[in-house]
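The values are calculated or read from the model by the stated rules, or taken from the named source; none is laboratory data. Just so you know, these numbers come straight off a predicted model, no measurement behind them. Ideal geometry is used to build each Cβ from the backbone, glycine not excepted, and the neighbour counts take in all protein chains shown.
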Amino acid sequence: MTAAEIGRGLRAGKFTSIEVTRHFLERIDHAGKQLNAFITVTPERAMADAKRADARIARGEGGPLTGVPLAHKDIFCTEGVLTSCGSRMLSNFVSPYDATVVERLAVAGMVMLGKTNMDEFAMGSSNETSWYGPVRNPWDGSKVPGGSSGGSAAAVAARLAPVATGTDTGGSIRQPGALTGLTGFKPTYGRVSRYGMVAFASSLDQAGVLAQSAEDAALVLGLMAGHDARDSTSVAVPVPDYAAGLGRSMKGLRIGVIREFFGEGLEEGTGRAVRTALEGFSAMGATIVELSLPNLPLSVPTYYVVAPAECSSNLSRFDGVRFGHRCKDPRDLLDMYKRSRGEGFGAEVKRRIMTGTYVLSAGYYDAYYLKAQKVRSLINEDFRRAFSEVDVLMGPTTPTPAFAIGAKVDDPITMYLNDIYTIGANLAGLPAVSVPCGLVDGLPVGLQIIGPHFAEERLLAAAHAWQLMTDWHRRLPPLFA
Amino acid sequence: MSIEWETVIGLEIHAQLATRSKIFSGSSTAYGATPNVQANLVDLGYPGVLPVLNREAVRMAVRFGLAIGARIARRSIFARKNYFYPDLPKGYQISQYEQPIVEGGSVEIWLPDGARRIGITRAHLEEDAGKSLHEGLGKQSGIDLNRAGTPLLEIVSEPDMRSAREAIAYMKKIHTLVRYLEICDGNMQEGSFRCDANVSVRHKGRHEYGTRCEIKNLNSFRFVERAINYEVARQIEMLEGGGSVVQETRLFDSDRNETRPMRSKEEANDYRYFPDPDLLPLSLDEEFIEQIRSALPELPDQKAVRFAHDHGLSGYDAGVLTASRDLADYYEAVVALLGDEAKLAANWVMGDLSGFLNRDNLEIGQSPVGAKQLAGLLARIVDNTISGKIAKEVFEAMWEDRSDADAIIEAKGLRQITDTSAIERVITEVMTANPAQLADYRSGKDKLFGFFVGQVMKASGGKANPAQVNELLRKMLAG
């Protein structure tokens, strides 16, 4: 059942939030154990939330998702609950406050089931960098669920939660969404407040949703979005009623197909599924044009300068002084810094901190950081030009379906190439969604739809139209059906 | 062979802006609270928190820029200065680097040999760090983050000063200015106003600068002077001894009156500045800037020119009276109440009043004798009720019991004697009591006139009107 369907059932009195919540807590406990999707489960809080939600529903109050459970990626600060960010560094960090996203969804009456596993500090594409161990893909336990929001993706795919929050810095919602058969929505940069979201790369990070359907994504996004005075980069653009806009016709929609996304490296089955989807849109009355974004292939190297640079600075606050991991018996200040950080961070995080420190250093700044910023504006310009011709861009979300756990761990470059199609939208701050468009050898693959800034409605309508004519999003992993 | 050396000094002044809350968070900036009670999650650099710029700090920086005739950047950028230190919670300081809010500008300083203009390269906004506490905690160090995030305006001068005295004059000028603008309380003991001095020496006549040393964290005018003088002497001695100056950061030890190396250029941090992605570029529109411009107060230089021109004061007096806005306001209030007599008011404000304030270590705002009271006293000099000398006695009494001049004059019977017959009576008594001196005077010893004036004043208890005494004495002594 989707989140929207649960909401309708609750308001129709078919079941209570307490019953629904208990159902999901049991699934997490039994069916979900082997997936390692959760870092923390919060049953007491969930039951208390559910009780309050039932009371609200009984009074005829609340909205479409009041009483509907959800899971939060462990990157969002949750008051009184461990907020580990998948890291040993924060494995003792109980947040004293709620992130804006957490607060808004709680105010709307959603029920928090717990906190999901993730790549350490959101750095990874396979959920293998977590201090809490890898997450398994519900479609095939030997495969990765994608990352960094791998726990959220696995949880929703296995129906341990009807919907979950995620964050997307280079594809961390869309890529796991594609690899687990979900609708993964990353809004426009600035659409959702970053306050209370542990920062990885501040100019790229954006909170979003991993959902079973476009409708669910629309409902949750509507509750999360909006200006927040505590985040200077959040934008004061009014939030439309996303759910109300879902029914738009695809007739006359101009779809641009990004030529660069169909070159070398795209696995055949994935490419075929995406092309079939494009034909589907064409059949709905959309026009398809192929176009080129010549600078887009530079997005991976650009990203791997910008993101590490920002992360090297953002992660400086984890020094063992005020919170987080502190080494035992430091000899002096330097020893405390070195060992606390040496012990607290994993290999991938260290790799990125070192890369970022290097590209910002005197003598290298111009050649790396500044140049990357210039390329970033070229990529922006490519997108801007494309959106003067078409309404949305489409292509694959990932080059391949889910890969085996351990297959790419020792090869960061190959791992980084997994985000080759998703990073562009982050660099340009654009909204993008991945929707399921087929199965390749029993593993889901995703169609990515990218829109201009604040075109969330258009993307959700396209995703919804696609889901009205297909049932890929209703397919369940056989083991969790 | 003796070489003539020239000193070159540039100052980086840190003025703590007088906002109620911090530059990127809502917590209070009040000084002296229990450690860490004025540090919220943003100040503590907790995971997930974000900075939000305090518009009041921006307004204050713009006020300063306009007051020194600088360019106000329509777009400025906040950057991160990255380094590790326990009192720097985020591991970086948010500051402005490549595009500061204020660029260019200058101030004029007054020296015995005339005025000099000192250029200001830039002024930028940044957050202060916390404090590390090393005393009273045994082997541990404490961190107080109350100060973390307090807004600072860093004012960077051109290397335009040529002596410690010029540096002090410049620093005092900026000190006066920030208080006039009400953007900084100027309290140096609490660290609200402090500076780093860049000092180098070169052969007089040379164009290129010598290697400089930066002396950190000087928080009194006296320390600035002593540190610069020590440093100049040290550098000259080193160069004359055939050595060379090493570029480094030094600390001034006020107890031993010397500067000591802190870190060399090689040990300097690579701060890895880059634009802070959590803050959008700061854009200022014309309307915002014009609003601030139109609300600027009269500045010290403008006020001094007006005092000199309208009140007929000397440039020096005008400069002294405008050194603080409160002092100038006090002086102006006295003049306004008196109606005229600016010179008399100026002498009293700069003389007795300032002397008593200094003696009791009081600010002008705390003076027991207010402007109205002082004007009341001076009015009695003007209308001849008391002499200037008696006025000093009255002033002292006013200072002690905070009462009005008239009440004291009445109570102590200090009213001046202007009745001719009464004065004549006293003169007659004095002449009778001093027959020998009288005879000498009349035989040509004119110098004894002063003796008789003194005797008459003494006999009248100082109350006789001196002008009348002079006139009547001359007449009566002549016989």
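Within the stretch A:201-221, restricting attention to residues that are surrounded by 24 or more Cβ atoms within 10 Å (Cβ to Cβ), of a type outside the set (A, V, I, L, M) and within 14 Å of another protein chain (Cβ to nearest Cβ), the residue that is nearest to A:Ser87 (Cα to Cα) is A:Asp205. Listed by first and then second residue, the pairs with beta-carbon distance under 7 Å, at least 6 apart or on different chains, first residue in the stretch B:255-277 and at pLDDT below 80, second of a type outside the set (Asp, Glu), are B:Ser264/B:Val246; B:Lys265/B:Gln247.
Counted as qualifying within the stretch A:152-213 are the strands (runs of 3 or more DSSP E) with 2 or more residues that are among the hydroxyl-bearing types (Ser, Thr, Tyr), namely A:163-167.
The number of residues in the stretch A:153-200 being within 14 Å of chain B (Cβ to nearest Cβ) and within 19 Å of A:Gln448 (Cα to Cα) comes to 4. It is to be established whether one or more residues within the stretch B:14-23 are of a type in the set (Ser, Thr, Tyr) and part of a loop (DSSP other than H, G, I, E, B). Checked against the condition, which is being of a type in the set (Ser, Thr, Tyr) and part of a loop (DSSP other than H, G, I, E, B), the stretch B:14-23 yields at least one hit. Scanning the stretch B:29-69 for residues that are part of a loop (DSSP other than H, G, I, E, B) and more than 14 Å from chain A (Cβ to nearest Cβ) yields B:Thr29, B:Ala30, B:Tyr31, B:Gly32, B:Ala33, B:Thr34, B:Val37, B:Gln38, B:Ile68, B:Gly69.
Okay, residues lined up against (1) in a helix (DSSP H, G or I); (2) surrounded by fewer than 16 Cβ atoms within 10 Å (Cβ to Cβ); (3) free of Cβ contacts under 8 Å to residues at least 40 places away in the same chain; (4) touching an Asp or Glu at 6+ places or on another chain (Cβ under 8 Å):
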residue: A:Leu370; (1), (2), (3), (4): yes, yes, yes, no
residue: A:Val390; (1), (2), (3), (4): no, no, no, no
residue: A:Ala402; (1), (2), (3), (4): no, no, no, yes
residue: A:Gly406; (1), (2), (3), (4): no, yes, no, yes
residue: A:Met415; (1), (2), (3), (4): yes, no, no, no
residue: A:Ala425; (1), (2), (3), (4): yes, no, no, no
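Checking the stretch B:50-67 against the condition returns a match, with at least one residue being surrounded by 21 or more Cβ atoms within 10 Å (Cβ to Cβ) and under 28 Å from A:Leu82 (Cβ atoms). If only residues of the stretch A:83-109 that are within 12 Å of chain B (Cβ to nearest Cβ), closer than 18 Å to A:Arg45 by Cα and aliphatic (A, V, I, L, M) are counted, the one that is surrounded by the fewest Cβ atoms within 10 Å (Cβ to Cβ) is A:Val94.
A search for C-beta distances below 9 Å between a residue of the stretch A:229-245 that is over 30 Å from B:Arg55 (Cα atoms) and more than 14 Å from chain B (Cβ to nearest Cβ) and any residue that is surrounded by 15 or more Cβ atoms within 10 Å (Cβ to Cβ) and of a type in the set (Lys, Arg), counting only pairs 6+ apart in sequence or on different chains, returns A:Gly245/A:Arg458.
Taken together, the criteria place B:Asn36 among residues that are of a type outside the set (Ser, Thr, Tyr) and at positive phi. Does A:Ala273 count as under 14 Å from A:Cys437 (Cβ atoms) and touching a residue at least 40 places away in the same chain (Cβ under 8 Å)? Against the criterion (under 14 Å from A:Cys437 (Cβ atoms) and touching a residue at least 40 places away in the same chain (Cβ under 8 Å)), A:Ala273 qualifies. If the condition is being buried (at least 19 other Cβ atoms within 10 Å of the Cβ) and more than 10 Å from every other protein chain (Cβ to nearest Cβ), then the stretch A:69-82 contributes A:Pro69, A:Leu70, A:Ala71, A:His72, A:Lys73, A:Asp74, A:Thr78, A:Val81.
Scan the stretch A:309-324 for residues that are in contact (Cβ under 8 Å) with a residue 60 or more places away in the chain and either surrounded by fewer than 22 Cβ atoms within 10 Å (Cβ to Cβ) or in a helix (DSSP H, G or I) (or both) and jot them down. Residues satisfying the conditions are A:Ala309, A:Glu310, A:Cys311, A:Asn314, A:Leu315, A:Phe323.
Among the residues making up the stretch B:247-305, those that are away from chain A (no Cβ under 14 Å) and among the basic types (Lys, Arg) are B:Arg250, B:Arg256, B:Arg260, B:Arg263, B:Arg293, B:Lys303.
Considering the conditions (1) surrounded by fewer than 16 Cβ atoms within 10 Å (Cβ to Cβ); (2) free of Cβ contacts under 8 Å to residues at least 40 places away in the same chain, A:Val289 is excluded by exactly one of them, (2). Once the stretch B:162-211 is narrowed to residues that are touching a Gly at 6+ places or on another chain (Cβ under 7 Å) and within 14 Å of B:Trp5 (Cα to Cα), the residue that is surrounded by the most Cβ atoms within 10 Å (Cβ to Cβ) is B:Val201. All of (1) under 24 Å from the mean Cα position of the chain (by Cα); (2) among the hydrophobic types (A, V, I, L, M, F, W, C); (3) not in a strand (DSSP E or B) hold for A:Leu70 with one exception: (3).
Please tell me if B:Pro89 is crowded, with 21+ Cβ neighbours inside 10 Å, more than 11 Å from chain A (Cβ to nearest Cβ) and assigned to a loop (DSSP other than H, G, I, E, B). So B:Pro89 fails the test.
For B:Glu237, the test of being out of contact with any Lys or Arg (no Cβ under 8 Å at 6 or more places or on another chain), surrounded by fewer than 19 Cβ atoms within 10 Å (Cβ to Cβ), of a type in the set (Asp, Glu) and closer than 30 Å to B:Ile72 by Cβ is failed.
Could you look through the stretch A:341-368, keep only residues that are small (Gly, Ala, Ser) and touching a residue at least 24 places away in the same chain (Cβ under 8 Å), and pick out the one that is nearest to the other protein chains (Cβ to nearest Cβ)?
It comes out as A:Gly356.
Checked across the stretch A:372-387, the condition of being farther than 22 Å from A:Ile258 by Cβ, at pLDDT 95 or above, within 14 Å of chain B (Cβ to nearest Cβ) and part of a helix (DSSP H, G or I) holds for at least one residue. Only one of the listed residues (B:Asn358, B:Asn384) is touching a helix residue (DSSP H, G or I) at 6+ places or on another chain (Cβ under 9 Å), exposed (fewer than 15 other Cβ atoms within 10 Å of the Cβ) and at pLDDT below 95. That residue is B:Asn384.
Going through (1) part of a strand (DSSP E or B); (2) exposed (fewer than 14 other Cβ atoms within 10 Å of the Cβ); (3) β-branched (Val, Ile, Thr) one by one, A:Thr276 falls short only on (1).
What are the residue pairs meeting all of these: first residue in the stretch B:59-74, first residue touching a residue at least 24 places away in the same chain (Cβ under 8 Å), second residue in a helix (DSSP H, G or I) and β-branched (Val, Ile, Thr), Cβ atoms under 7 Å, and 6 or more apart or on different chains? Filtered contacts from the stretch B:59-74: B:Arg59/B:Ile292; B:Val62/B:Ile289; B:Val62/B:Ile292; B:Arg63/B:Ile292; B:Phe64/B:Val178; B:Leu66/B:Ile292; B:Ile72/B:Val62; B:Ile72/B:Ile289. Pairs are defined by a Cβ separation below 8 Å, a sequence spacing of at least 6 or placement on different chains, a first member in the stretch B:443-464 that is without any contact (Cβ under 8 Å) to a residue 12 or more places away in the chain, and a second member that is in a helix (DSSP H, G or I) and of a type outside the set (S, T, N, Q); the pairs so defined are B:Leu448/B:Asp440; B:Leu448/B:Tyr441. Looking at B:Ile143, B:Ile94, just one residue is touching a Ser or Thr at 6+ places or on another chain (Cβ under 9 Å) and hydrophobic (A, V, I, L, M, F, W, C), and that residue is B:Ile143.
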